[in-house]
1. Could you pull out every residue, at least 5 positions away or on a different chain, whose amide H is within less than 5 Å of the one on residue 315? Hs are placed 1.01 Å off N in the peptide plane, and Pro or chain starts have none.
2. So for the range 85-181, Kirkwood radius off the Cα pairs, Stokes-Einstein at 37 °C and 0.692 mPa s: how many µm² s⁻¹?
3. Taking loop as defined by DSSP and a crowding limit of 14 other beta carbons within 10 Å, which GluC sites (Glu not before Pro) in the range 135-191 fit?
4. Quick one: among 196, 153, 144, which has the greatest mean-square fluctuation in a GNM of the chain with alpha-carbon springs under 10 angstrom?
5. As a check on your grasp of the helix formula, calculate [θ] at 222 nm for the chain: sum -39500 (n - 2.57) over DSSP H runs of n ≥ 4, divide by the residue count, round to the nearest 500.
6. Evaluate the charge dipole of the range 216-305 about its Cα centre and quote only its size in Debye, nearest 20, assuming +1 on the Cβ of each Lys and Arg and -1 on the Cβ of each Asp and Glu.
7. Please list the non-local residues whose amide H lies under 5 Å from the amide H of residue 126, H modeled 1.01 Å from N, same-chain partners needing a gap of 5 or more.
8. Is the C-alpha gyration tensor of the range 216-305 telling us rounded, prolate or oblate? Criteria: a/c under 1.5 is rounded; beyond that, a/b larger than b/c is prolate, otherwise oblate.
Amino acid sequence: MKRVIIGLSGGVDSSVAAYLLKKQGFEVIGLFMKNWHDDSVTISNECPWLDDSNDAMLVAEKLGIPFQTVDLSEQYKERIVDYMFNEYEKGRTPNPDILCNREIKFDVFMKIAMELGADYVATGHYCRKGTIIKDGKEVYQLLSGLDNNKDQSYFLCQLSQEQLSKSLFPIGELTKPEVRKIATELDLVTAEKKDSQGLCFIGKVKLPDFLQQQLKPKEGVIVEVSKDESIFNEQILKFDSEEEKLRYLSRKIDYNVDHGRVVGKHQGAHYFTKGQRKGLAVGGTAEPLFVIDTDVYHNVIYTGQGKDHPGLLKKALFVTNDELHWIREDLALSTDERMEVKARIRYRQPLENATIYKVESGLYVKFDNFQSAITEGQFVAWYIDDELVGSGVIS
């Protein structure tokens, strides 16, 4: 019997994944990851991880599998939380869920599992794993989940061949309603449990509240920039090369306060992110205000009216070499090569047609259509059909 250690999170997805593995004849062990216990920042009196670990234990008991809790909070603080604050201070917007998978679940957790004699690690992600033989070698594929509404391949966009080789995703072929149905039939305590919201490590806390505890409030101004401002006037430029054109299309506009008018105050530019609409507390505009950029250095938030504001829309982005990652290393482009792909810049966004161009210093992603709020620090992932082949941090 092959041994599988599954990350039991206390949610319905991992509960059903554990059941399916057992049914397939694996020796299954449930492990709950405790990633956070600094009560000074949980703000509310609720302690989500305690409830979750209790639910995970009840599921393991019901399924008749061994269960234990492993405390990863030290590694979590170091690899995820500190990184997040560092990124926010730089005015970038990190994605803690993607980092949590790359750094914790499929690295620290996987190593612990292997020390416990596991052949595989399993999670309750809605995605699938494929295997093909290429040049006589096994190559692993990360495929999107069959439930389009729940596909979570994007969150695993930083996994390596090595990590994929030891991973199993038992519910990737199922839809969410099917998963809930199985849990109900088994009378699992998690059957009706809502999907967890908020940060993947402190449960019910909203990100700005959490950031406020670590990044001190600092009053600054909110500037509204008109969509008719001259900085948005696209000149018809002649470019000497494709790369020069891509550099232009992916450029960051340098705003200053003279580009608009002051319409309000905020408590810290590092609490806001591009595309954000809520939390500005500025009224009286014909259309809702959206954040089009933040300047953490001068502590200014730039906004524009309406979701079609030119400050929100861009067709290209850039990923530097050191933040470029290929799951399918065999498909990695060399300098001056290009590839037609489908890509997304956030979870649940429909896949968009794009072309990727490899240049000396990194990789450009150029979309066929304008994208809203391309945000530095977030991840772009690209697919061929339903296979996620590569990803990178937007620079």
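Throughout, read-outs are computed from the coordinates displayed, never taken from laboratory work. Treat the numbers as computed from the prediction; the structure is a model and nothing was measured. Glycine also receives a Cβ, built like all others from the backbone with ideal geometry; neighbour counts cover every protein chain displayed.
1. For residue 315, whose amide H was placed from the backbone, the distant partners under 5 Å are 371.
2. Values: Rh = 14.7 Å.
Stokes-Einstein gives a translational diffusion coefficient of 223 µm²/s.
3. On the way: sites: 138, 162, 173, 178, 185; in loops: 173.
Listed in order of number, the matching sites are 173.
4. 196
5. On the way: 10 runs with 82 residues, N = 395.
It comes out at -5500 deg cm²/dmol, rounded to the nearest 500.
6. That gives the range 216-305 a dipole magnitude of about 460 debye.
7. 152
8. On the way: a/c = 2.52, a/b = 1.81, b/c = 1.39.
Judged from the Cα gyration tensor, the range 216-305 comes out prolate (a/c at least 1.5, a/b above b/c).
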